[in-house]
Amino acid sequence: DWTMGAYREQAIDAIREQVGDKQVICGLSGGVDSSVAAVLIHEAIGDQLTCVFVDHGLLRKDEAEEVVKMFRDNYKIKLIYADEKELFLGALDGQSDPETKRKIIGGLFIDVFQKYANEIEGAEFLAQGTLYPDVIESVSFSGGPSVTIKSHHNVGGLPEKMGLKLVEPLRELFKDEVRALGRELGLPASFIGRHPFPGPGLAIRCPGEITRAKLEILREADAVYIDQIRKHGLYDEIWQAFVAILPVRTVGVMGDGRTYDFACALRAVTSVDGMTADYYPFTHEFLGETATRIINEVQGINRVTYDITSKPPGTIEWE
Ligand code: XMP
């Protein structure tokens, strides 16, 4: 007779017992796992928890504001908003190689997180939204052959480096159970059902050089695309959907003038775990309407394409 309500109570007792009266730091990404972990831990130990949310300047439209509003204003969780946009975008300036971009972001992320974490006095624990599949994966793959297609950025190794002990209240749960726990904790449905968003953010949706102007255009186009998907009731059928801005400008006509603006690609896939994926079969009507909306509403884009590559041979992200 096992329910999420019972799990919640049990997890809260376990967190209290583990942490005692010490301070806990939690890196908040805005994703489901770290959010559920933070809310659960906050319920257990209140102000002994401080969350750190790093804004690397590669977030989607209004994303930073939404996270701050939800956790600081709504849940009253102590939250450090680390505005490091200039640092990250400065370091990425002129870089166009995908792996170099990832390494810069991953490295800075750890530095920044450590800097803010060091300011929290008496912190002895680091909270992470590790799930059961993450636990199994790291065991079964250890020592085995590994092929790195893309270096994923995470904060692995950070707890040892900082001398912190781990608090991982979701270690026994699968993704669907984390979502159920999130609902049990009162997180809004729109938040719990969100598509995954990669750590390097918009950087890997902006092939080639990253500029502030391109990021701004990308944010606007992505917001229109997601709005279209929601309005057509397709959001929950899709594993991930986003826009990539292409490093090429093309000629177009608008009104009685010539345009010379960026092209973009729409991406939408279905998937069970992100390891393989199929492109989503939108109707031509949906695609046409979306292209028209993006070109009309987003200044800087005059051509829209749809990416019909499945994984493999493609990857979900563009870099
Ligand atoms: P790919 O592009 O490899 O993506 O097919 C598979 C899934 O992983 C996400 N992804 C990342 N997530 N850091 C992350 O936290 C990363 O560096 C990263 N790269 C890809 C991607 O969004 C998709 O869900």
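The values are calculated or read from the model by the stated rules, or taken from the named source; none is laboratory data. If you're wondering where the values come from, they're calculated on a predicted model, not measured in any experiment. Quick reminder, even Gly has a Cβ in these numbers, built from the backbone with ideal geometry, and neighbours come from all protein chains shown.
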Checklist outcome for this item: Cβ pairs under 8 Å, 6+ apart or interchain, first in the range 1-29 and under 18 Å from Val52 (Cβ atoms), second of a type in the set (Val, Ile, Thr) and in a helix (DSSP H, G or I), ordered by first then second residue, are Val19/Ile45; Val24/Ile41; Val24/Ile45; Cys26/Ile41; Leu28/Val67
Checklist entry - Among the residues of the range 282-313, how many are free of Cβ contacts under 8 Å to residues at least 24 places away in the same chain and either within 16 Å of the ligand (Cβ to nearest atom) or touching a Lys or Arg at 6+ places or on another chain (Cβ under 6 Å) (or both)? => result 1
Next on the checklist: Kindly evaluate Val54 against the criterion of being in contact (Cβ under 8 Å) with a residue 24 or more places away in the chain and touching a Phe, Trp or Tyr at 6+ places or on another chain (Cβ under 9 Å).
Outcome noted: yes
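I'd like the full set of residues that are assigned to a loop (DSSP other than H, G, I, E, B) and more than 17 Å from Lys61 (Cβ to Cβ), limited to the range 177-199.
From the range 177-199, those assigned to a loop (DSSP other than H, G, I, E, B) are 185-188, 193-199; that's our starting set.
Leu185, Gly186, Leu187, Pro188, Gly193, Pro196, Gly199, listed by residue number.
If you check Ser138 against the conditions, is it within 16 Å of the ligand (Cβ to nearest atom), of a type outside the set (D, E, K, R), modelled with pLDDT under 90 and farther than 26 Å from Leu59 by Cα?
On the way: within 16 Å of the ligand (Cβ to nearest atom): yes; of a type outside the set (D, E, K, R): yes; modelled with pLDDT under 90: yes; farther than 26 Å from Leu59 by Cα: yes.
Yes.
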Checklist entry - Is there any pair with a first residue in the range 210-225 that is closer than 22 Å to Leu287 by Cα and touching a residue at least 12 places away in the same chain (Cβ under 8 Å) and a second that is part of a helix (DSSP H, G or I) and of a type in the set (D, E, K, R) whose Cβ atoms are under 6 Å apart and which are 6 or more apart or on different chains, and what are they? => result Val224/Arg293; Val224/Glu297
